[in-house]
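Accompanying notes for the structure given below.
The values are calculated or read from the model by the stated rules, or taken from the named source; none is laboratory data. Just so we're clear, the structure is a prediction, and the values are computed from it rather than from any experiment. Here the Cβ positions follow ideal geometry from the backbone for every residue, glycine too, while neighbour counts run over all protein chains shown.
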Amino acid sequence: MAETRIVLQNCEVIDPGDIATYIERDGFKALDKARKMAPEEVISQVKASGLMGRGGAGFPCGVKWELARKAPGNEKFIICNADEGEVGTFKDRYIIEHDPFGLIEGIAIAGYAIGAKRAYIYLRGEYHFLLDLLTGACDQARQKGYLEGLDIDLREGAGSYICGEESALMDSIEGKRPEARYRPPFPPSKGLWEKPTIINNVETLMNIPRIVSNGASWFAEMGTKESTGTKVFSVSGDVQRPGVYELVMGSRLSEVVTELAGAKEVKMVQVGGASGGIVPASMIDTPLSYETVLGSGAITVFNKTRDVIDFVYRTMEFLSEESCGKCAPCREGTEVMVEILERLTKGEGVQEDIGVLEELSNVMMLSSLCGLGQSAPTPVLETLKYFRNDYENRIKQSVFLRALRGIK
Ligand SMILES: Cc1cc2nc3c(=O)[nH]c(=O)nc-3n(C[C@H](O)[C@H](O)[C@H](O)COP(=O)(O)O)c2cc1C
């Protein structure tokens, strides 16, 4: 199984500290080409490519850009979401570390297309070590004249998972405590400081120069009908070769997990981060796309020695800790789930636990304010779907032991 390196084409090839090595490989030619096109034409190319946001939600990129372009007002912003707080996701770090110029070129094209004069790169706080590299890359691009009409400002993340959620991220840039905002209004009409704003993931923006250079149909021909192009995956867990891999959309999960990363004795795989979908070993040939499972592209492999309920308990502990606390369904719901799951792991579960987990999941998905609470129940529901016996057996054991001890 071979990778298809499009987003990663320059990684470990160019010198990330020297813009000349990027220019030698046709760097910034896409920006030159874009600037000769009308901004609307750039947007229609991105729309026609079918590029969907790579940060997890999978929203069509060109549609978002068009909304921001058409939004009234002269002051508009681009934000590159490099917060990468998603559990098991480290692809954006790899991209920035190895090809910062590709990202800057993507941001510059996005700025031109929507009419933004200022861009922010919101860099995960723990990626402080990349700050000098990124600052140096921006300086070099500016000195070479590639950033005419666009200021790029680097902001370090405030260190919590919610900071990657786009509305909380804007609060953080504005100097507020990051919390999810009520929507509508959506960022393309009212975002940062209530101005039209586009927020895109690092990988999404990396695709832009490729689309402008090679054309929308070249891009749209790769992948599946709904999921075009390639996807960069961060693979970790019980594998022999953890790392970052880029494959055409629609590739099978087994190609990444077993063929490339060398996993053995797989029990299940979580795709898309802490609240991502669960794929049991029997479904390892599932294609990876927005139609099936994808999210941020985190792939975490669990082998047969792993305890499913312990995994769900620890995941929920993380989500509960990281809930911003603004809405009750997420704040209280994740907390109650932690209590139940902790009881289950300690062998103190009761018959009603499964039903309560399911009911609570539905409420949280329907009524939470942002993606954190809406998707937090996914690992619970998906493990209940594929590993229900593990839950039932654990509860049966608890009930039996309590009966033996004479406890109700
Ligand atoms: C709790 C939470 C954390 C998120 N973290 C990130 C992140 O670290 N990076 C990212 O690109 N998107 C993250 N997202 C998704 C963003 O809200 C948003 O959809 C994305 O940045 C949009 O860019 P895209 O359309 O290019 O994917 C997160 C969402 C939620 C709910």
| said: Is it the case, given these coordinates, that Phe90 is within 16 Å of the ligand (Cβ to nearest atom) and either assigned by TED's automatic domain parsing to the domain that holds Ser323 or closer than 30 Å to Glu24 by Cβ (or both)? | reply: yes
| request: Out of Glu359, Glu382, report the one residue that is of a type in the set (Asp, Glu) and surrounded by 17 or more Cβ atoms within 10 Å (Cβ to Cβ). | output: Glu382
| said: under 22 Å from the mean Cα position of the chain (by Cα) and surrounded by fewer than 20 Cβ atoms within 10 Å (Cβ to Cβ): which single residue out of Leu372, Leu366, Leu401 fits that description? | reply: Leu366
| field | Residues of the stretch 46-63 satisfying the condition of being farther than 16 Å from Val202 by Cβ and of a type in the set (D, E, K, R) | value | Lys47
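Here are Leu205, Leu260: which of them is under 28 Å from Glu12 (Cβ atoms) and either surrounded by fewer than 23 Cβ atoms within 10 Å (Cβ to Cβ) or among the charged types (D, E, K, R) (or both)? It would help to see each step written out before you state the result.
Values: Leu205 fails: either surrounded by fewer than 23 Cβ atoms within 10 Å (Cβ to Cβ) or among the charged types (D, E, K, R) (or both).
Selected residue: Leu260, the only one of Leu205, Leu260 that is under 28 Å from Glu12 (Cβ atoms) and either surrounded by fewer than 23 Cβ atoms within 10 Å (Cβ to Cβ) or among the charged types (D, E, K, R) (or both).
Quick one: in the stretch 56-69, of everything that is among the hydrophobic types (A, V, I, L, M, F, W, C) and free of Cβ contacts under 8 Å to residues at least 40 places away in the same chain, which residue is nearest to the ligand (Cβ to nearest atom)? Spell out how you get there, then give the answer.
First, the residues of the stretch 56-69 that are among the hydrophobic types (A, V, I, L, M, F, W, C): 57, 59, 61, 63, 65, 67-68.
Keeping just the survivors that are free of Cβ contacts under 8 Å to residues at least 40 places away in the same chain gives 59, 63.
On the way: Phe59: 5, Val63: 10 Å.
Only one residue fits best here, namely Phe59.
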| task | Can you work out which of the residues in the stretch 135-151 that are among the aliphatic types (A, V, I, L, M) and in contact with a Leu (Cβ under 9 Å, 6 or more places away or on another chain) is nearest to the ligand (Cβ to nearest atom)? | result | Ala137
| query | Is it true that Ser213 is modelled with pLDDT of 95 or more and surrounded by fewer than 19 Cβ atoms within 10 Å (Cβ to Cβ)? | reply | yes
| note | Of the residues in the stretch 178-218, those that are assigned to a helix (DSSP H, G or I), among the hydrophobic types (A, V, I, L, M, F, W, C) and within 15 Å of the ligand (Cβ to nearest atom) come to Leu192, Val202, Leu205, Met206, Ile208, Ile211
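Modelled with pLDDT under 95 and within 17 Å of Leu288 (Cβ to Cβ) - does that describe any residue in the stretch 238-253? I'd like the intermediate steps shown before the answer.
Keep residues of the stretch 238-253 that are modelled with pLDDT under 95, which gives none.
Checked against the condition, which is being modelled with pLDDT under 95 and within 17 Å of Leu288 (Cβ to Cβ), the stretch 238-253 yields no hits at all.
Of the residues Pro72, Pro16, which single one is crowded, with 21+ Cβ neighbours inside 10 Å, away from the ligand (no atom under 16 Å from the Cβ), in a loop (DSSP other than H, G, I, E, B) and over 20 Å from the mean Cα position of the chain (by Cα)?
Working: Pro72 fails: crowded, with 21+ Cβ neighbours inside 10 Å.
Answer to the check: Pro16.
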